[in-house]
1. Between helix 77-91 and the chain, what is the angle of the helix's C-alpha long axis to the longest principal axis, kept within 0 to 90° and rounded to the nearest 10?
2. Can you tell me the relative contact order of the chain? Whole percent, Cα pairs under 8 Å, sequence separation 6 or more.
3. Taking only the alpha-carbon positions of the chain and ignoring solvent, what does the Debye formula give for the base-10 log of I(q)/I(0) at q = 0.12 Å⁻¹?
4. Go from 0 up to the bin containing the longest alpha carbon distance in the range 58-110, width 5 Å each, and give me the % of pairs per bin.
5. What's the lysine pair count for the chain at a Cα cut-off below 19 Å, pairs eight or more apart or interchain?
6. If you split all Cα-Cα distances of the range 205-332 into 5 Å bins from zero, what percentages do you get per bin, shortest first?
7. Using only the alpha-carbon atoms, how far is helix 102-115 inclined from the longest principal axis of the chain? Give it as 0 to 90 degrees, nearest 10.
8. What percent of all Cα-Cα pairs in the range 1-158 falls into each 10 Å bin, going from 0 up to the bin containing the maximum distance?
Amino acid sequence: MAEGNGVLIIGETQADELSLASQEILAAGRKIADDLGQELAVAVFGSAVDAPARQAVAQGADRVYSVTSPLLAEFQVELYLAAADILCRETGPAIVLVARTNQGREVAPRLAFRLGVGLAQDCLEVSVDTATGTLLANRPVYGGNAVAVVSCNQSPQVAAVRPKVYVPLEPDQSRQGEVVSFPVDLDESMVRSRVIEVVKEEAEGVKLEDASIVVSGGRGLGGPEPFAKLEELAKLLGGAVGASRAAVDSGWVPASYQVGLTGKTITPDLYITIAISGASQHMAGCSGSKAIVAINKDAEANIFREARYGVVGDWEKVLAAMTETVRELVQE
(Lines give C-alpha, C1' and ligand atoms only; values in the text may rest on other atoms or scores of the structure.)
Protein backbone atom coordinates (compact mmCIF):
# COMPACT_ATOMS: atom_id res chain seq x y z
CA MET A 1 0.00 0.00 0.00
CA ALA A 2 1.04 3.58 -0.56
CA GLU A 3 2.35 5.71 2.29
CA GLY A 4 -0.57 6.95 4.37
CA ASN A 5 -1.29 9.91 6.58
CA GLY A 6 -2.82 10.20 10.03
CA VAL A 7 -3.71 7.79 12.81
CA LEU A 8 -6.83 5.61 12.70
CA ILE A 9 -8.29 3.82 15.71
CA ILE A 10 -10.57 0.85 15.12
CA GLY A 11 -13.08 1.56 17.88
CA GLU A 12 -15.43 -0.67 19.83
CA THR A 13 -18.76 0.18 21.41
CA GLN A 14 -20.53 -1.21 24.46
CA ALA A 15 -24.07 -0.28 25.48
CA ASP A 16 -24.16 2.66 23.04
CA GLU A 17 -20.85 4.04 24.38
CA LEU A 18 -17.26 3.97 23.24
CA SER A 19 -15.68 1.05 25.11
CA LEU A 20 -13.18 1.78 27.87
CA ALA A 21 -10.43 0.01 25.92
CA SER A 22 -11.10 2.24 22.91
CA GLN A 23 -11.00 5.32 25.14
CA GLU A 24 -7.60 4.19 26.40
CA ILE A 25 -6.02 3.73 22.96
CA LEU A 26 -7.62 7.01 21.87
CA ALA A 27 -5.30 8.65 24.42
CA ALA A 28 -2.33 6.82 22.89
CA GLY A 29 -3.38 7.78 19.39
CA ARG A 30 -3.84 11.44 20.35
CA LYS A 31 -0.22 11.64 21.53
CA ILE A 32 1.11 10.01 18.34
CA ALA A 33 -1.01 12.22 16.09
CA ASP A 34 0.18 15.35 17.93
CA ASP A 35 3.82 14.25 17.66
CA LEU A 36 3.39 13.76 13.90
CA GLY A 37 1.27 16.88 13.44
CA GLN A 38 -1.38 14.75 11.77
CA GLU A 39 -5.04 13.92 12.21
CA LEU A 40 -6.47 11.40 14.64
CA ALA A 41 -9.49 9.51 13.36
CA VAL A 42 -11.69 6.93 15.10
CA ALA A 43 -13.92 4.40 13.37
CA VAL A 44 -17.09 3.28 15.14
CA PHE A 45 -19.10 0.40 13.72
CA GLY A 46 -22.79 -0.40 14.01
CA SER A 47 -26.25 0.42 12.78
CA ALA A 48 -26.58 3.58 14.95
CA VAL A 49 -23.40 5.07 16.41
CA ASP A 50 -24.15 8.76 16.98
CA ALA A 51 -23.52 8.70 20.75
CA PRO A 52 -20.11 6.94 20.67
CA ALA A 53 -19.08 9.15 17.73
CA ARG A 54 -19.72 12.32 19.77
CA GLN A 55 -17.93 10.75 22.73
CA ALA A 56 -14.86 10.03 20.57
CA VAL A 57 -14.68 13.69 19.52
CA ALA A 58 -14.95 14.84 23.14
CA GLN A 59 -12.06 12.55 24.08
CA GLY A 60 -9.61 13.62 21.41
CA ALA A 61 -10.65 12.54 17.90
CA ASP A 62 -10.35 15.05 15.05
CA ARG A 63 -12.56 12.94 12.81
CA VAL A 64 -14.93 10.05 13.44
CA TYR A 65 -15.98 7.64 10.72
CA SER A 66 -19.48 6.38 11.38
CA VAL A 67 -19.21 2.99 9.68
CA THR A 68 -22.78 1.84 9.33
CA SER A 69 -24.68 -1.13 8.00
CA PRO A 70 -27.68 -3.06 9.30
CA LEU A 71 -25.40 -6.11 9.41
CA LEU A 72 -23.06 -4.38 11.89
CA ALA A 73 -25.66 -4.17 14.66
CA GLU A 74 -23.89 -7.04 16.46
CA PHE A 75 -20.21 -7.95 16.28
CA GLN A 76 -19.49 -10.57 13.66
CA VAL A 77 -15.83 -10.89 12.79
CA GLU A 78 -16.05 -11.31 9.01
CA LEU A 79 -18.40 -8.35 8.62
CA TYR A 80 -16.44 -6.04 10.94
CA LEU A 81 -13.24 -7.12 9.21
CA ALA A 82 -14.63 -6.37 5.76
CA ALA A 83 -15.83 -2.94 6.91
CA ALA A 84 -12.47 -2.10 8.53
CA ASP A 85 -10.61 -3.25 5.40
CA ILE A 86 -12.73 -1.02 3.15
CA LEU A 87 -12.26 1.96 5.46
CA CYS A 88 -8.46 1.57 5.65
CA ARG A 89 -8.10 1.27 1.90
CA GLU A 90 -10.26 4.30 1.19
CA THR A 91 -8.87 6.61 3.88
CA GLY A 92 -5.20 5.53 3.78
CA PRO A 93 -4.02 5.97 7.39
CA ALA A 94 -0.32 5.77 8.21
CA ILE A 95 -0.97 4.07 11.56
CA VAL A 96 -3.84 1.84 12.69
CA LEU A 97 -4.38 1.10 16.39
CA VAL A 98 -6.66 -1.64 17.73
CA ALA A 99 -7.41 -2.47 21.37
CA ARG A 100 -6.31 -6.02 22.20
CA THR A 101 -9.69 -7.03 23.60
CA ASN A 102 -11.49 -10.25 22.73
CA GLN A 103 -12.89 -8.46 19.71
CA GLY A 104 -9.56 -6.86 18.82
CA ARG A 105 -7.77 -10.19 18.95
CA GLU A 106 -10.13 -11.41 16.25
CA VAL A 107 -9.91 -8.33 14.05
CA ALA A 108 -6.32 -7.02 14.30
CA PRO A 109 -4.34 -9.96 12.81
CA ARG A 110 -6.91 -10.56 10.09
CA LEU A 111 -6.97 -6.88 9.17
CA ALA A 112 -3.17 -6.70 9.00
CA PHE A 113 -3.13 -9.77 6.75
CA ARG A 114 -5.71 -8.29 4.39
CA LEU A 115 -3.73 -5.07 4.18
CA GLY A 116 -0.56 -7.05 3.46
CA VAL A 117 1.35 -5.76 6.47
CA GLY A 118 2.66 -7.06 9.79
CA LEU A 119 1.15 -6.59 13.23
CA ALA A 120 2.78 -5.36 16.44
CA GLN A 121 0.90 -7.53 18.92
CA ASP A 122 0.13 -7.04 22.64
CA CYS A 123 1.78 -3.61 22.91
CA LEU A 124 2.43 -2.09 26.33
CA GLU A 125 3.30 1.28 24.84
CA VAL A 126 3.25 2.85 21.40
CA SER A 127 5.13 5.95 20.25
CA VAL A 128 6.51 7.33 17.02
CA ASP A 129 9.85 8.39 15.60
CA THR A 130 8.92 11.87 14.40
CA ALA A 131 11.83 12.04 11.98
CA THR A 132 10.74 8.99 9.99
CA GLY A 133 7.10 8.51 11.02
CA THR A 134 7.95 5.00 12.18
CA LEU A 135 5.71 3.46 14.83
CA LEU A 136 7.64 2.10 17.82
CA ALA A 137 5.91 -0.49 19.97
CA ASN A 138 7.01 -1.93 23.30
CA ARG A 139 5.81 -5.51 23.69
CA PRO A 140 6.63 -8.39 26.08
CA VAL A 141 8.83 -11.23 24.81
CA TYR A 142 10.17 -14.48 26.28
CA GLY A 143 7.03 -15.05 28.32
CA GLY A 144 7.10 -11.55 29.76
CA ASN A 145 10.70 -11.76 30.96
CA ALA A 146 11.77 -8.89 28.71
CA VAL A 147 10.28 -6.04 26.72
CA ALA A 148 11.27 -5.54 23.09
CA VAL A 149 10.88 -2.39 21.01
CA VAL A 150 9.61 -3.34 17.56
CA SER A 151 9.04 -1.15 14.53
CA CYS A 152 7.06 -1.46 11.34
CA ASN A 153 8.43 -0.81 7.85
CA GLN A 154 5.17 -1.18 5.94
CA SER A 155 2.16 1.09 5.58
CA PRO A 156 -0.21 1.19 7.26
CA GLN A 157 1.57 0.32 10.49
CA VAL A 158 -0.80 -1.77 12.61
CA ALA A 159 -0.57 -2.33 16.36
CA ALA A 160 -2.79 -4.07 18.91
CA VAL A 161 -2.52 -2.31 22.28
CA ARG A 162 -3.11 -4.09 25.56
CA PRO A 163 -6.00 -2.68 27.62
CA LYS A 164 -5.35 -0.92 30.94
CA VAL A 165 -1.94 0.48 29.96
CA TYR A 166 -3.22 3.97 29.05
CA VAL A 167 -5.49 6.34 30.94
CA PRO A 168 -8.40 7.80 28.93
CA LEU A 169 -8.34 11.55 28.30
CA GLU A 170 -10.80 13.73 30.18
CA PRO A 171 -13.83 14.44 27.96
CA ASP A 172 -14.14 17.99 26.63
CA GLN A 173 -17.72 18.48 25.46
CA SER A 174 -16.82 21.78 23.79
CA ARG A 175 -14.26 20.12 21.54
CA GLN A 176 -15.00 20.27 17.83
CA GLY A 177 -14.52 17.40 15.39
CA GLU A 178 -15.92 16.07 12.16
CA VAL A 179 -18.26 13.07 12.07
CA VAL A 180 -18.23 11.47 8.63
CA SER A 181 -20.91 9.01 7.55
CA PHE A 182 -19.25 5.96 6.00
CA PRO A 183 -21.87 3.43 4.92
CA VAL A 184 -20.49 0.09 3.74
CA ASP A 185 -22.05 -2.44 1.42
CA LEU A 186 -21.93 -5.80 3.19
CA ASP A 187 -23.55 -9.09 2.37
CA GLU A 188 -24.60 -12.06 4.50
CA SER A 189 -22.54 -14.29 2.21
CA MET A 190 -19.38 -12.85 3.83
CA VAL A 191 -20.21 -14.62 7.07
CA ARG A 192 -18.29 -17.86 7.55
CA SER A 193 -18.88 -18.37 11.26
CA ARG A 194 -21.86 -17.62 13.44
CA VAL A 195 -22.49 -17.12 17.14
CA ILE A 196 -24.80 -19.92 18.20
CA GLU A 197 -25.28 -18.87 21.79
CA VAL A 198 -24.10 -16.17 24.17
CA VAL A 199 -23.80 -17.24 27.81
CA LYS A 200 -23.47 -14.34 30.24
CA GLU A 201 -21.64 -15.02 33.47
CA GLU A 202 -23.36 -13.30 36.35
CA ALA A 203 -20.89 -11.45 38.54
CA GLU A 204 -21.42 -9.60 41.78
CA GLY A 205 -19.54 -6.52 42.85
CA VAL A 206 -16.81 -4.67 40.98
CA LYS A 207 -15.25 -6.15 37.84
CA LEU A 208 -11.73 -7.48 38.26
CA GLU A 209 -10.21 -5.25 35.57
CA ASP A 210 -11.93 -2.14 37.00
CA ALA A 211 -11.24 -2.75 40.70
CA SER A 212 -9.02 -0.32 42.61
CA ILE A 213 -8.16 -3.13 45.08
CA VAL A 214 -7.57 -6.75 44.04
CA VAL A 215 -6.85 -9.78 46.25
CA SER A 216 -5.37 -12.71 44.30
CA GLY A 217 -4.53 -16.28 45.24
CA GLY A 218 -2.19 -18.83 43.71
CA ARG A 219 -1.17 -22.47 43.72
CA GLY A 220 0.10 -22.23 47.27
CA LEU A 221 -3.45 -21.98 48.61
CA GLY A 222 -3.76 -25.71 48.01
CA GLY A 223 -7.33 -25.84 46.73
CA PRO A 224 -10.52 -23.90 45.95
CA GLU A 225 -11.80 -23.54 49.52
CA PRO A 226 -9.37 -20.76 50.59
CA PHE A 227 -10.74 -18.46 47.89
CA ALA A 228 -13.76 -17.93 50.15
CA LYS A 229 -11.38 -16.26 52.62
CA LEU A 230 -9.99 -14.09 49.84
CA GLU A 231 -13.54 -13.13 48.90
CA GLU A 232 -14.15 -12.08 52.50
CA LEU A 233 -11.13 -9.76 52.55
CA ALA A 234 -11.90 -8.35 49.11
CA LYS A 235 -15.48 -7.60 50.14
CA LEU A 236 -14.31 -5.74 53.24
CA LEU A 237 -11.95 -3.66 51.08
CA GLY A 238 -14.51 -3.07 48.35
CA GLY A 239 -12.33 -4.91 45.86
CA ALA A 240 -12.30 -7.95 43.59
CA VAL A 241 -10.72 -11.40 43.68
CA GLY A 242 -8.18 -12.61 41.14
CA ALA A 243 -6.02 -15.68 40.67
CA SER A 244 -2.88 -16.98 39.07
CA ARG A 245 -3.00 -19.21 36.01
CA ALA A 246 -2.06 -22.23 38.16
CA ALA A 247 -5.17 -21.75 40.30
CA VAL A 248 -7.36 -21.37 37.21
CA ASP A 249 -5.81 -24.37 35.44
CA SER A 250 -6.44 -26.44 38.56
CA GLY A 251 -10.15 -25.64 38.26
CA TRP A 252 -10.32 -23.84 41.60
CA VAL A 253 -11.81 -20.63 40.13
CA PRO A 254 -13.25 -19.58 36.76
CA ALA A 255 -10.99 -18.36 33.95
CA SER A 256 -12.44 -14.86 34.41
CA TYR A 257 -10.38 -14.60 37.62
CA GLN A 258 -7.03 -15.04 35.88
CA VAL A 259 -4.49 -12.23 36.04
CA GLY A 260 -1.47 -12.42 33.77
CA LEU A 261 -0.08 -12.60 30.27
CA THR A 262 -2.84 -14.95 29.08
CA GLY A 263 -5.45 -13.56 31.47
CA LYS A 264 -6.55 -10.06 32.41
CA THR A 265 -4.39 -6.98 32.77
CA ILE A 266 -5.15 -5.01 35.92
CA THR A 267 -3.90 -1.68 37.27
CA PRO A 268 -5.31 -1.40 40.81
CA ASP A 269 -4.15 1.03 43.47
CA LEU A 270 -3.52 -1.97 45.74
CA TYR A 271 -2.77 -5.54 44.68
CA ILE A 272 -2.59 -8.14 47.45
CA THR A 273 -1.11 -11.48 46.37
CA ILE A 274 -1.44 -14.55 48.54
CA ALA A 275 0.61 -17.69 47.83
CA ILE A 276 1.58 -16.44 44.36
CA SER A 277 5.21 -16.98 43.38
CA GLY A 278 5.36 -14.05 40.96
CA ALA A 279 6.22 -15.74 37.68
CA SER A 280 6.89 -13.33 34.82
CA GLN A 281 3.68 -14.39 33.06
CA HIS A 282 1.63 -13.35 36.08
CA MET A 283 3.53 -10.11 36.65
CA ALA A 284 2.91 -9.12 33.02
CA GLY A 285 -0.75 -8.72 33.94
CA CYS A 286 -0.30 -6.72 37.15
CA SER A 287 2.90 -4.72 36.72
CA GLY A 288 0.85 -1.54 36.45
CA SER A 289 -0.38 -1.90 40.05
CA LYS A 290 0.49 1.15 42.13
CA ALA A 291 1.32 -0.93 45.22
CA ILE A 292 1.80 -4.69 45.52
CA VAL A 293 1.59 -6.50 48.86
CA ALA A 294 2.93 -10.07 48.80
CA ILE A 295 2.25 -12.87 51.29
CA ASN A 296 4.29 -16.02 50.71
CA LYS A 297 6.10 -18.56 52.87
CA ASP A 298 9.05 -18.67 50.44
CA ALA A 299 11.36 -15.75 51.17
CA GLU A 300 13.04 -16.26 47.78
CA ALA A 301 9.82 -16.03 45.78
CA ASN A 302 10.07 -13.69 42.81
CA ILE A 303 6.99 -11.79 43.94
CA PHE A 304 9.04 -10.09 46.67
CA ARG A 305 11.23 -8.46 44.01
CA GLU A 306 8.15 -6.74 42.62
CA ALA A 307 6.26 -6.01 45.85
CA ARG A 308 6.40 -2.76 47.80
CA TYR A 309 5.48 -4.64 50.99
CA GLY A 310 6.06 -8.32 51.72
CA VAL A 311 5.23 -10.76 54.48
CA VAL A 312 7.08 -14.06 54.72
CA GLY A 313 4.95 -16.55 56.58
CA ASP A 314 2.02 -18.95 56.67
CA TRP A 315 -0.64 -17.35 54.48
CA GLU A 316 -3.48 -18.69 56.64
CA LYS A 317 -2.21 -16.91 59.76
CA VAL A 318 -1.28 -13.71 57.93
CA LEU A 319 -4.55 -13.54 55.98
CA ALA A 320 -6.63 -14.17 59.11
CA ALA A 321 -4.83 -11.38 60.98
CA MET A 322 -5.11 -8.99 58.04
CA THR A 323 -8.82 -9.70 57.56
CA GLU A 324 -9.56 -9.17 61.24
CA THR A 325 -7.63 -5.88 61.30
CA VAL A 326 -9.43 -4.61 58.20
CA ARG A 327 -12.78 -5.59 59.70
CA GLU A 328 -12.01 -3.62 62.85
CA LEU A 329 -10.95 -0.58 60.83
CA VAL A 330 -14.06 -0.73 58.67
CA GLN A 331 -16.32 -0.93 61.72
CA GLU A 332 -14.74 2.10 63.39
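The values are calculated or read from the model by the stated rules, or taken from the named source; none is laboratory data. Being a predicted model, the structure only gives us computed values, none of them experimental. Cβ atoms come from the backbone with ideal geometry, glycine included; neighbour counts cover every protein chain shown. SASA here: full protein model, heavy atoms, side chains in, ligands and nucleic acids out. Shrake-Rupley method; radii C 1.70, N 1.55, O 1.52, S 1.80 Å.
1. 50
2. Taking the mean separation of contacting Cα pairs over the length of the chain, I get 15 percent.
3. -0.88
4. 4, 16, 26, 27, 21, 6
5. 14
6. Calculated P(r), rounded to whole percents: 2, 12, 24, 27, 23, 10, 2, 0, 0.
7. For 102-115 against the chain, the angle is about 40 degrees.
8. Percent of pairs per bin, in order: 11, 43, 36, 9, 0.
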